[in-house]
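Report on the following structure.
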Amino acid sequence: MRPQPEPHLVTLGRYVGPTRRAVRALKFGGAHDLSGVLGQTLARGIPPGWGVSCVVPVPLHTSRQRERGFNQSMLLAEVVGRELGIPAVPAVRRIRATAQQAKLHAADRSANLVGAFRADAALLPRGPVLLLDDVMTSGATLLACRDALNAAGVHQLYYAVIAR
């Protein structure tokens with residue numbers, strides 16, 4: 001796997017084969033050590049010109065995080081932040097439980113997330129933000145988090161995902 005930078009997105013590749021297996025092992029198989037290699041590899045693809053001030057992980061709802069015991073996006077964000085020398089900041093909260101995006105049709109994903117996130121401007125340093133998630137399918141989750149960050153005053157955002 002090699003990072004693939006696009007204008008505002010860095011990804012390690014499509015959600016198939018080894019990339020899919022790695023994400024699923026991290027997320028559902030308890031292979032937390034994979035966050036190290038995945039995060040380090042993802043960090044190598046972040047263009048220095050982006051000048052990001054922090055990494056913000058996509059949050060889980062508290063009930064889902066309690067059930068899983070961790071947030072895979074936060075694990076990845078901590079590694080990416082450490083590699084880039086910037087903080088991982090949990091500045092976005094999921095304030096409403098939602099249906100699992102993976103179980104919805106693309107047309108229903110945006111509606112599922114309306115009002116689901118809130119960002120705390122006081123936690124964010126000045127400068128561009130790198131929003132990080134494990135998988136991007138339709139992009140609805142990233143866009144909903146973007147909207148929450150925009151409402152908190154962040155207007156320069158970049159995105160990183162392990163797979164799409």
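Estimated from helical segments only, the mean residue ellipticity of the chain at 222 nm is -11500 deg cm²/dmol, where each DSSP H run of four or more residues counts as -39500 (n - 2.57). Considering the values (1) 11.8; (2) 8.7; (3) 10.8, which represents mean projected area of the Cα convex hull in nm² as calculated for the structure under consideration? Among (1) 11.8; (2) 8.7; (3) 10.8, the one derived from this structure is (2). Under the criterion of Cα pairs below 8 Å and six or more residues apart, the relative contact order for segment 4-163 equals 30 percent. Rounded to the nearest 5, what % of the DSSP beta bridges within the chain are antiparallel ones? Close to 25 percent. For Gln156, the residues whose amide H sits under 5 Å from its own are Val129, ignoring neighbours fewer than 5 places away on the same chain, with H placed 1.01 Å from N. Near Gly45, no amide H atom lies under 5 Å from its own; only residues 5 or more places off or on other chains count, and H is placed 1.01 Å from N. Under a 5 Å amide H cut-off, with hydrogens placed 1.01 Å from N, Val10 pairs with Tyr159, Ala160, Val161 among residues at least 5 apart or on other chains.
Computed from the coordinates by the stated procedures, all read-outs in this text should not be read as laboratory data. Nothing here was measured: the structure is a model prediction, and the numbers come from that model.
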